[in-house]
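Peer 1: Following this message is one structure expressed as structure tokens.
The values are calculated or read from the model by the stated rules, or taken from the named source; none is laboratory data. Everything numeric here is computed off the predicted structure, so don't read it as measured data. All Cβ positions, glycine included, derive from the backbone under ideal geometry; neighbour counts span all protein chains shown.
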Amino acid sequence: MFERHTNIIEFKQSRYCSPHPSLRQVCRSIGADAPLNTMIRVRPTPVPCPFRGRFTFNYRRSDRVCADPVSRAWSCADPWSLVLQHQACPDVAGAERLSETLTCLATWRNHDTHFMFGKLNSVKTKTDADRYRCFIYQPFDLGGGQQGFHVVQSGDSTCQGLQSVHVGHKVMNLTNERRRLAKCRLPEWLTAHHEWHRVDSRLRFHIFHKNHSIKVSHEQGPGQEGQDDESTKLICSQITELSENSAQVVFHHSRGCTSGYQCAVLYRRDRHVVEIKLGDVVPSPEAACQFFDETRHNFTTLVAASHPSHPCPYLGRHAVIGVQREGRRVRDACSGAFSTLVMGCHASDTLELRSECRQRTESSEYRCHGSWQENNTHFLVASPLSRSSPSARRVCFISMATGDGLHFSTLQEACYRSVLPGQEGSLAFNVTINGDCRAEASTSGSRSAAAVTAVSWLLLLALLPLFSAR
């Protein structure tokens, strides 16, 4: 009996009806060439697979190799799972299109041979005898970036007959794709910030330090604890188009054990704002952008997580009319109707919405992060600064200028193009130009002067009795 791993024991056994009178003699009757049987621990703890990454591979059945179309393999998010996506070759008997998920359960070395024991799950596996398989493997390096593993799979749930990585029930040659992918680098205007957040902060894009891969994760909101928060990894496979402010990229997409290729179009909107459109996940990199229809997908608006500011557009003081919240008209100033929009007057990167409630001026302040224009529509991403501002972490202001003035709408997820400014959105309002920042300064100065005058009169009234007494 041999303990190969904490999860695996191999043993030899004698014939059932042995004529030997003692146990010692029975054990001595087991020959050196007796077959090894394999036992696996019940509910074993998986172990990291010896080969991880993305691979293309061919496989041999009998004496024929299935190499075209190419088969693919890739690691799952956890370190102990691997997907083997076999393609069918019409001229190879036994070759078929089949997707298998391999869970690695044990690895060990016997002399110069590397062993691995695992569990295969597919539509064809029905019993444990179908699922458990033994493997031997050997790394290779052919130079020129051609690295990978020779792998042989057993024909049953034991390790019997596995002696060479070139002969066996199923022989596979896995070639690593990592070197080809490593040459792909994301645009500098995207990697200038390594952390990007969607406008509502529910989606986060983290760019790894080598600037060729992105981790996309979801932030769980209240009441969402325990829900699926599995992240997605995007690895740059190829840049098909690149300009000063846009790029088309083929990403290798992986989430859990699901993997494929995804086309993405990236747009630089401002130094601190980018937008991305992600296509469907497809099996091959060649097809990712070939059938990508940009009109079918919405923009995802991303803001640099460091919250850098940027000068606001439409500098000046504007009168507000027709305020709507979630499609309902608001007329009462104490219920959220504001009367003045001030942009960039007190600070170039600050926007204010003012209202007069019970003879008090209330202000909701926002800091501008970036803006851009498409045709006749202007987009601005900002975040609230004051407590009286809405609770959203960031908002997108969408505006359009017409002969009647400026029409504004705000959105809390992304800068959607289908919204009609001034009529739709979380907040909608219209403004007329009331004056530039000099008028705002004059108004502020008048308020200050009025306040000083009022204080002076109060002091004078307080001193009059003293003069009268004399």
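Peer 1: Within segment 373-389, is even one residue surrounded by fewer than 19 Cβ atoms within 10 Å (Cβ to Cβ), modelled with pLDDT of 85 or more, out of contact with any Pro (no Cβ under 7 Å at 6 or more places or on another chain) and aromatic (Phe, Trp, Tyr)?
Peer 2: No: segment 373-389 contains no residue that is surrounded by fewer than 19 Cβ atoms within 10 Å (Cβ to Cβ), modelled with pLDDT of 85 or more, out of contact with any Pro (no Cβ under 7 Å at 6 or more places or on another chain) and aromatic (Phe, Trp, Tyr).
Table: residues versus (1) buried (at least 19 other Cβ atoms within 10 Å of the Cβ); (2) closer than 23 Å to TYR416 by Cβ; (3) of a type in the set (A, V, I, L, M).
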{"residue": "ILE276", "(1), (2), (3)": "yes, yes, yes"}
{"residue": "ALA304", "(1), (2), (3)": "yes, yes, yes"}
{"residue": "HIS307", "(1), (2), (3)": "no, yes, no"}
{"residue": "PRO311", "(1), (2), (3)": "no, no, no"}
{"residue": "SER339", "(1), (2), (3)": "no, no, no"}
{"residue": "HIS369", "(1), (2), (3)": "yes, yes, no"}
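Peer 1: Quick check on segment 347-367: of everything there that is free of Cβ contacts under 8 Å to residues at least 24 places away in the same chain and not in a strand (DSSP E or B), which residue is surrounded by the fewest Cβ atoms within 10 Å (Cβ to Cβ)? First the steps, then the outcome.
Peer 2: At the first step, the residues of segment 347-367 found to be free of Cβ contacts under 8 Å to residues at least 24 places away in the same chain are 347, 352, 354-356, 359-361.
Now drop any that are not not in a strand (DSSP E or B), which leaves 347, 359.
Numbers: ALA347: 14, GLN359: 5.
Per the criteria, the residue is GLN359.
Peer 1: Would you mind finding the one in PHE140, PHE115 that is under 30 Å from ARG43 (Cβ atoms) and either modelled with pLDDT of 95 or more or not hydroxyl-bearing (Ser, Thr, Tyr) (or both)? Break it down into steps so the answer makes sense when it comes.
Peer 2: Details: PHE140 fails: under 30 Å from ARG43 (Cβ atoms).
Criteria check complete, one pass: PHE115.
Peer 1: PHE135 - would you say it is at pLDDT 90 or above, over 23 Å from VAL70 (Cβ atoms) and surrounded by 20 or more Cβ atoms within 10 Å (Cβ to Cβ)?
Peer 2: Details: at pLDDT 90 or above: yes; over 23 Å from VAL70 (Cβ atoms): no; surrounded by 20 or more Cβ atoms within 10 Å (Cβ to Cβ): yes.
Here the answer is no, as PHE135 does not meet what is asked.
Peer 1: Across segment 297-333, what is the number of residues that are without any contact (Cβ under 8 Å) to a residue 12 or more places away in the chain and within 20 Å of LEU411 (Cβ to Cβ)? Please lay out each step first, then the result.
Peer 2: We begin by selecting, within segment 297-333, every residue without any contact (Cβ under 8 Å) to a residue 12 or more places away in the chain; these are 328-332.
Filter once more, so that each one left must be within 20 Å of LEU411 (Cβ to Cβ): 328-330.
Residues flagged as without any contact (Cβ under 8 Å) to a residue 12 or more places away in the chain and within 20 Å of LEU411 (Cβ to Cβ) within segment 297-333 amount to 3.
Peer 1: Of everything in segment 159-212 that's of a type in the set (Ser, Thr, Tyr) and free of Cβ contacts under 8 Å to residues at least 60 places away in the same chain, which residue is surrounded by the fewest Cβ atoms within 10 Å (Cβ to Cβ)? Can you show your working first?
Peer 2: Step one: filter segment 159-212 for residues of a type in the set (Ser, Thr, Tyr), giving 164, 175, 191, 201.
Retained after the next criterion (residues that are free of Cβ contacts under 8 Å to residues at least 60 places away in the same chain): 164, 191.
Numbers: SER164: 12, THR191: 16.
Restricting to residues being of a type in the set (Ser, Thr, Tyr) and free of Cβ contacts under 8 Å to residues at least 60 places away in the same chain, the top hit is SER164.
Peer 1: In contact with a strand residue (DSSP E or B) (Cβ under 8 Å, 6 or more places away or on another chain), under 30 Å from SER14 (Cβ atoms) and in a strand (DSSP E or B): is that true of CYS134 in this structure?
Peer 2: Details: in contact with a strand residue (DSSP E or B) (Cβ under 8 Å, 6 or more places away or on another chain): yes; under 30 Å from SER14 (Cβ atoms): yes; in a strand (DSSP E or B): yes.
Yes; evaluated as a whole, the condition is true for this residue.
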